[in-house]
Amino acid sequence: MPQLHKTQICIIGAGPSGLLLSQLLAQAGIDTIVLDRKDRTYIEGRIRAGVLEQGTVEALKQAGVADRLHAQGLPHDGFELAFDGVRHRIDLKALTGRSVMVYGQTEVTKDLFDARFADGQTFFFNVDHVTPNDLKSDRPKVHFTQGGEQHVITCDYIAGCDGFHGVSRAAIPQNVLKTFERVYPFGWLGILVDKPPVSHELLYANHAEGFALASMRSETRSRYYIQCDRGDDIANWSDRRFWETFATRLGPDAAANLQTGPSFEKSIAPLRSFVAEPMRYGNLFLAGDAAHIVPPTGAKGLNLAVADIRLLSRALIEHYAGNDHHIDSYSQTALNRVWKVERFSWQLSTLMHQFPENSPFEKRIQRAEFDYIAGSEAASKTIAENYVGLPLE
Ligand code: FAS
Ligand code: PHB
């Protein structure tokens, strides 16, 4: 006999999307249960995003989880683009009046978990066979197992915050779901190293050999990436080979300040652009990576997930207050922003990477676009206003 549970919102996924949603709803007195197929330690151990838009910082402050962010985060007023060693600074502050915050997703997740545990949130970790059901009924259910025990959650709504490989998107019937995808012919190899960053601001570099990104987690911990083959294997990348490749692609000017050392995290991520429509089916809502993926070039993945949650939490809170306007428009409002962010992430990825299929003509066009951005305040401003984050509708 399955164990029976009831709640208002069943959240599938305890990544940033699911955790932030449960925090914002709890603040409004709305009850949630959060499921994850992993446990807190595993989820906190994933190394992912590093740059927060101002809107994300505001959402985390509203959620009451921004104290450490304000104490340890690094405000950045600009970043650089480089092409074959020629550097151009995008002055975010001068061009938009706004800046971004460098603060790892790992830390955001820890801050959210701390708040949810302090609030006595009901979690089920290490779950299996999660199955959303009765999505068109007014009492949808989520069946799952944990340690061999059967469970059933009956709720008002299900929030699919279970990422790209989750089950929520697949619960939408194939004749309803539309997906759009661009898979890039390369991946990103990322490392963490306890050495001061090569530059005090982020530096995105396009070199004839490939892309490189110099980022950071603090003034003593750097996060670096290089473009690698799509199916590449970590075993092919010794630290020595990484440092030689990274220094070449940054160019001699930037690399002159490079402090190398042993990496303590090394991983390869594939790059894709992906969107699933609609982001609602019956009483199931999709948010974050469950609904969309962007190449990390524009530093948008986490920020787009937070934007979805700001829209979804507002819609659900207003629903329980008797106003269904935003719940009815959630999918379209969220997708309007998703596609603009997909465009920017695709544009910056197309500009900053070496594509194997590019002809000499396309390579010249890439350089011409960089030179245009470097020489035009209007062009630099379009990059800047997308990087700091578009306004929420
Ligand atoms: P998440 O994937 O973070 O969380 C989904 C959660 O659902 C996970 O905890 C998972 O265990 C759980 N789950 C999955 N299936 C389930 C099931 N069947 N039942 C229960 N739970 C289930 N973004 C950036 O902005 N910059 C970056 O540099 C960057 N680098 C990235 C590198 C990698 C390797 C990946 C995969 C993503 C990266 N991203 C980056 C994007 C990333 O930050 C996401 O946008 C962000 O994690 C989205 O958060 P969620 O929507 O919560 O999804
Ligand atoms: C990171 O610090 O992990 C990071 C920063 C900017 C990006 C992608 C990743 O565009």
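Points to keep in mind about this one:
- Residue match in segment 215-225 (condition: out of contact with any Pro (no Cβ under 6 Å at 6 or more places or on another chain), among the polar types (S, T, N, Q), surrounded by fewer than 19 Cβ atoms within 10 Å (Cβ to Cβ) and closer than 30 Å to Phe123 by Cα): no
- Residues located in segment 311-334, provided they are within 18 Å of Pro278 (Cβ to Cβ) and β-branched (Val, Ile, Thr): Ile327, Thr333
- Only a single item in (1) farther than 16 Å from Ala269 by Cβ; (2) open to solvent by 20 Å² or more (accessible area, probe 1.4 Å); (3) within 16 Å of ligand 2 (Cβ to nearest atom); (4) not basic (Lys, Arg) is not met by Asn303, and it is number (2).
- With respect to (1) away from ligand 1 (no atom under 16 Å from the Cβ); (2) touching a Pro at 6+ places or on another chain (Cβ under 7 Å), the lone exception for Arg249 is condition (2).
- Residue within segment 340-356 that is more than 16 Å from ligand 1 (Cβ to nearest atom), open to solvent by 10 Å² or more (accessible area, probe 1.4 Å), at pLDDT below 95 and within 22 Å of Arg230 (Cα to Cα) present: yes
Residue-wise test of (1) open to solvent by 50 Å² or more (accessible area, probe 1.4 Å); (2) more than 28 Å from Val388 (Cα to Cα).
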residue: Arg37; (1), (2): yes, yes
residue: Tyr42; (1), (2): yes, yes
residue: Ala66; (1), (2): no, no
residue: Leu92; (1), (2): no, no
residue: Val108; (1), (2): no, no
residue: Phe123; (1), (2): no, yes
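- Flag for Arg139 being more than 16 Å from ligand 2 (Cβ to nearest atom), in a loop (DSSP other than H, G, I, E, B), within 23 Å of Asp162 (Cα to Cα) and open to solvent by 20 Å² or more (accessible area, probe 1.4 Å): yes
- Any hit, segment 307-324, residues being open to solvent by less than 10 Å² (accessible area, probe 1.4 Å) and near ligand 1 (Cβ under 9 Å from one of its atoms): yes
- Those residues of segment 274-300 which are in a loop (DSSP other than H, G, I, E, B) and either aromatic (Phe, Trp, Tyr) or away from ligand 2 (no atom under 16 Å from the Cβ) (or both), in sequence order: Pro278, Met279, Gly282, Asn283, Ala287, Ala291
- Here Gly85 meets each of (1) within 16 Å of ligand 1 (Cβ to nearest atom); (2) farther than 21 Å from Arg221 by Cβ with one exception, condition (1).
- The set of residues in segment 29-55 that are in contact with a His (Cβ under 9 Å, 6 or more places away or on another chain) and more than 9 Å from ligand 1 (Cβ to nearest atom) contains only Ile33.
The values are calculated or read from the model by the stated rules, or taken from the named source; none is laboratory data. Because the structure is predicted, anything quoted here is derived from the model rather than measured. Ideal geometry is used to build each Cβ from the backbone, glycine not excepted, and the neighbour counts take in all protein chains shown. Note: accessible area is taken over every heavy atom of the protein model, side chains too, but ligands, DNA and RNA are not part of it. Shrake-Rupley method; radii C 1.70, N 1.55, O 1.52, S 1.80 Å.
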